[in-house]
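Heads up: the structure comes next, in structure tokens.
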Amino acid sequence: MPENWKNSGTAFLGIPRDVLPGEPVVTITGRESVYLENCRGIVSFQEEEIRLQAKTCRIRVTGRRLRIDYYTRDDMRISGQIRAVSMES
Amino acid sequence: MGRHLKHKTEGSLQVQIQGAGTERFLTLCGFHGLELWNVKPEEDGAVCLMALPAFYQAAPLAKKAGVRLRIRQKNGLPFWLYRNRKRKGLLLGTAFFFLLLYGLSLFLWNITFEGNAHYSSDTLLRYLREHGIFCGMRKSRISCEELEENLRSDFPGIAWVSAGVSGTRLLVKIKESEAVSRIPEPDETPCDVAASRPGVITSLVVRQGRALVKAGDSVEEGQVLVSSKLTLTDDAGETVEEVYVRADADVYAQTAYFCRQSLPPLRRVTVRTGKKRRGVQLQIGSLAFRFLFPFSEGEDWIWQTEDVQLCLGEDFYLPVRVGWVEGESCSVYERPYTQEEVQEAAEDVQRRYLENLMEKGVQIIENNVKILENGYQYEICAEASGIQQIGFSRPVQPESGERARQGDEEKTE
């Protein structure tokens, strides 16, 4: 119920959804870099798959030779040969 | 770049994370604001880079996550300093470097002007040198307030000036006024108007004084054209008083101009051979060093240098200039002038001479150029005729017993 209220509130006020605190923001640049904001933690970390926990979902990045370029409290960048970025509830 | 530099100065560690709780450890590091980079998965964990302060903070987190941290590699300034702690020469060199920097920071190494359009930087630099401010002097001897005052008083076109020493640079910001700030006081000293050069008068407009010549008269150089002496007479025609005023008139005369220039018997011709050499030039103070490949003797070279003054940051200029020096080999020989070259030289002499005359306000009526050959060398004679203002003010000494009075009542005869 609060999520619905938040969604309708932002739609009514015309506020972009990425401004809402905690919503994950995923930016993919080419096939070699994924930039993520608002990730809460790392669930699994392997060369072919990285799974991350966000506030509302889990983000799964698959590919080859994956690595984390940098990881801070606010953002992180994954590089490698990206095959897919998917969301899991 | 900033992040990279920070990692180098703080020092960084390549850490191997071993254990089942690798993901948890990474999450805890992110949660506690510890930055990790270059995180790569390995068989039994991961390997990552972290800053030296972050490593100490990460120890309790590793214990909490149940992982073991192993240092694989140490990078950065703190470790480099520790490794080289026994090298006395290095320490001394570093200390000497900082002492040298400190010593250089006590002197002025660059003077920059901003906002000057009418007064060139060279003029202002010469002025500063005359007032004891130059590159290489002690910064403590510069009084910016005094410099600002002097500039304002000596350059009437400068409306606002701000001088400040920042680093090893003296920055002088100038705002020039478009209007003249002071109206010059009229000079009332009794003066005649005399001819600056011989000619035939074409027009004469007298505002004050007594005209001694009229249009059509031939005058010589130095001849008085308008006299400053005015004679006041009574009704009977007898002289009552003689007064001296500052004669003022526009006197135009047609005058002749003549210019003669000799060409040397042989012309020096420089031919570039196309062979080039490039090197580095280093200038420390007044000493300049060139680093070039050795070249054969007896060759003439034309050198061109392009250099910059070294600067640390924005304002810390050093007395060192580095740049490229490029030389082009050339052969020089002498040969007689051809007819076309003589003609070209004559036209050039005439053009420059006429330009010079027009700059002086001469209205050219006619001109011609002659080339004379005396069997040995050429001589170029440029002649011109033009109209020019020839009157100039020349002070007079009043005769004894007469009263020099500045003319309140203007009288033109």
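The values are calculated or read from the model by the stated rules, or taken from the named source; none is laboratory data. In this text, all values refer to a predicted model and were calculated from it rather than measured experimentally. FYI the Cβ positions are ideal-geometry reconstructions off the backbone, even for glycines, and counts take in every protein chain you see.
A few remarks follow.
- Residues in the range A:28-47 that are basic (Lys, Arg) and within 11 Å of another protein chain (Cβ to nearest Cβ): A:Arg40 alone.
- Residue pairs meeting the criteria (Cβ under 7 Å; at least 6 apart or on separate chains; first farther than 20 Å from B:Glu379 by Cα and assigned by TED's automatic domain parsing to the domain that holds B:Glu379, in the range B:347-364; second β-branched (Val, Ile, Thr) and outside any helix (DSSP H, G or I)): B:Leu357/B:Ile364; B:Met358/B:Ile364; B:Gln363/B:Ile387
- For B:Val308, the stated conditions hold: it is in a strand (DSSP E or B), under 39 Å from the mean Cα position of the chain (by Cα) and at pLDDT 90 or above.
- Test result for B:Arg394, under 28 Å from B:Gln208 (Cα atoms), at pLDDT below 90 and in contact with a Cys (Cβ under 9 Å, 6 or more places away or on another chain): yes
- Within the range B:316-346, being acidic (Asp, Glu), farther than 30 Å from B:Arg169 by Cα, surrounded by 12 or more Cβ atoms within 10 Å (Cβ to Cβ) and in contact with a strand residue (DSSP E or B) (Cβ under 6 Å, 6 or more places away or on another chain) holds for one residue alone: B:Glu328.
- Some residue of the range B:50-63 being out of contact with any strand residue (DSSP E or B) (no Cβ under 6 Å at 6 or more places or on another chain) and under 21 Å from A:Ile50 (Cβ atoms): yes
- Complete set of residues in the range B:6-20 that are within 11 Å of chain A (Cβ to nearest Cβ) and either hydroxyl-bearing (Ser, Thr, Tyr) or surrounded by fewer than 20 Cβ atoms within 10 Å (Cβ to Cβ) (or both): B:His7
- Residue check for B:Ser153: over 24 Å from B:Gln388 (Cα atoms), among the hydroxyl-bearing types (Ser, Thr, Tyr) and in a strand (DSSP E or B): no
- Among the residues of the range B:355-382, those identified as surrounded by 15 or more Cβ atoms within 10 Å (Cβ to Cβ) and either within 16 Å of B:Ala253 (Cα to Cα) or in contact with a helix residue (DSSP H, G or I) (Cβ under 8 Å, 6 or more places away or on another chain) (or both) are B:Leu357, B:Val362, B:Asn367, B:Val369, B:Ile371, B:Tyr378, B:Ile380, B:Ala382.
- Scope the range A:69-89; condition under 13 Å from the mean Cα position of the chain (by Cα), in a strand (DSSP E or B) and within 13 Å of another protein chain (Cβ to nearest Cβ); matching residues: A:Tyr71, A:Asp75, A:Met76, A:Arg77, A:Ile78
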